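Asks: What follows is a structure written as structure tokens; I'll ask about it next.
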Amino acid sequence: MTKQGSMVSKVRIPQRYVTVLLTFVCTCVCYIERVGFSVAYTAAANQAGIGEAVKGQILSTFFYGYALSQVPGGWAAQRFGGRRVLLMSFVLWSFTSALTPTEAASVTGMVVARLLVGVAQGFIFPSIHTVLAQWVPPHERSRSVSLTTSGMYFGAAAGMWFLPGLVAMQGPKAVFRAEALMGVSWALLWLKYSCDPPRSELPKASAAGFGASTAFERAKLLHHPIQIADEPGEIAKPQKKKPPGGIPWKRILLSMPVWAIVVNNFTFHYALYVLMNWLPTYFEKGLNVSLHNMGLSKMLPYLVMFIFSNVGGVVADHFVTARIFSVTNTRKLLNTIGFATAAIALMVMPTLRSAPSAVICSSVALGSCALSRAGFAVNHLDIAPKYAGIVMGVSNTAGTLAGIVGVAATGRILEASDLGPSDPSSWFLVFATPALLSVVSALFFVVFATGERIFD
């Protein structure tokens, strides 16, 4: 065998694919944790007779910590490298989850624990976007980001499948320990199989080398020395080193395309967090159906999200690479279809008072929201690949605020009703709010979004 043939035989899975797969598992584990707390705490709170308003406050505490660390998370990932920050975040939230108190009446302990978990997890998505901006070439952006974020929905589906049974058999504490074990296990996998991009001496500078790994791998096989290329797959000529510039905070915060992402991120997470945190209550108190007895149907909404998130990514990349639509029109088209369909499903949902119809409507609503992520959620990498973590931190702060507002407001809406969660009119208001936001956000994105790079 020749030397070149020997080198080819050693090339297995490209590192960028390993990285995307690991970030998929990362988001999966994170959302098992979030769904797990909602399921475990709801069961404990119901047994202790905790009111809906207090329940809403506890469930929303996570988002206060999550909001506080989004922009710092983007800065830290830019400064120290997304790989290191992501590892630190997982270790911190895993140990905090293991120490979460199980008594629903222990409000102070529960608030502190959820606040700390929120702060730790707030570093995750800005770090992921920084890592993906370093490794993934432009023609693979949509499906790579879609696969990574679809882990959220796969994790939520898995959590809804097995965690209610775990709570019923062994109690809430078993859920917290299982989540902590999964978090530590992922951290060990990340430590072993992840790495920084090649030829990146400083993590804070490597975000500019978007997709450089493709060029690195190709040049390695051809025995060519390389410089990091501006586009994946091309071998760049040696260039003069440019002095690093600061983060253009003012331009980012005043950019309407950035605000188009921010507004849609807010709406997406408002719908997601309200449904994720309150669907257990809707089924058990609004429809008088036990989650434990619903079987696999309770995980269907999140499985549909998983499927449509990846379908949206593949379709978007096909539209762009086949030149069917421009990047801008592709993002706007999928974003509009997703949010418009979600709005219809959310309006219909409270009018059909049965468990099967609720499963179908919530599946359509969440699946359509997942499809919209091929629009706004990938747009960070389109307009600002070098500052993807920063822009993600800004937009995800808005998404986190949606969780704070939506989850807490839902508790107050239900508490204010004379019949509580069993009142159909209160649930109509709960679901109509994200429906209206979906329409407004889709229109805002059509007017102000772009698929062109605007930050160099």
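The values are calculated or read from the model by the stated rules, or taken from the named source; none is laboratory data. Here the structure is a predicted model, which means the values were calculated and not measured. Using ideal geometry, Cβ is built from the backbone for each residue, glycine included, and neighbour counts are taken over all protein chains shown. Quick note on the areas: whole protein, heavy atoms, side chains included, nothing else; ligands and nucleic acids left out. Shrake-Rupley method; radii C 1.70, N 1.55, O 1.52, S 1.80 Å.
Asks: Need the failing condition index for Pro72 against (1) modelled with pLDDT of 80 or more; (2) within 30 Å of Pro421 (Cβ to Cβ), just the number.
Replies: Unmet condition: (2).
Asks: Additional query: Among the residues of the stretch 340-351, are any more than 28 Å from Phe63 (Cα to Cα) and either outside any helix (DSSP H, G or I) or touching a strand residue (DSSP E or B) at 6+ places or on another chain (Cβ under 6 Å) (or both)?
Replies: For the stretch 340-351, residues more than 28 Å from Phe63 (Cα to Cα) and either outside any helix (DSSP H, G or I) or touching a strand residue (DSSP E or B) at 6+ places or on another chain (Cβ under 6 Å) (or both): absent.
Asks: Out of the stretch 439-456, which residues are of a type outside the set (A, V, I, L, M) and open to solvent by less than 60 Å² (accessible area, probe 1.4 Å)?
Replies: Ser441, Phe444, Phe445, Thr450, Gly451, Phe455
Asks: Can you tell me which of Phe444, Phe376 is over 16 Å from the mean Cα position of the chain (by Cα) and at pLDDT 85 or above?
Replies: Criteria check complete, one pass: Phe444.
Asks: While we're on this one: Here is a check on your reading of the model: is Ser290 under 19 Å from Thr267 (Cα atoms) and either among the small types (Gly, Ala, Ser) or at pLDDT 95 or above (or both)?
Replies: No.
Asks: Report the residue count in the stretch 351-376 for those that are open to solvent by 10 Å² or more (accessible area, probe 1.4 Å) and within 15 Å of Ala435 (Cβ to Cβ).
Replies: Qualifying residue count, the stretch 351-376: 5.
Asks: Something else now. In the stretch 171-212, what count of residues is obtained for those that are out of contact with any Ser or Thr (no Cβ under 7 Å at 6 or more places or on another chain) and at pLDDT below 55?
Replies: Counting residues in the stretch 171-212 that are out of contact with any Ser or Thr (no Cβ under 7 Å at 6 or more places or on another chain) and at pLDDT below 55 gives 9.
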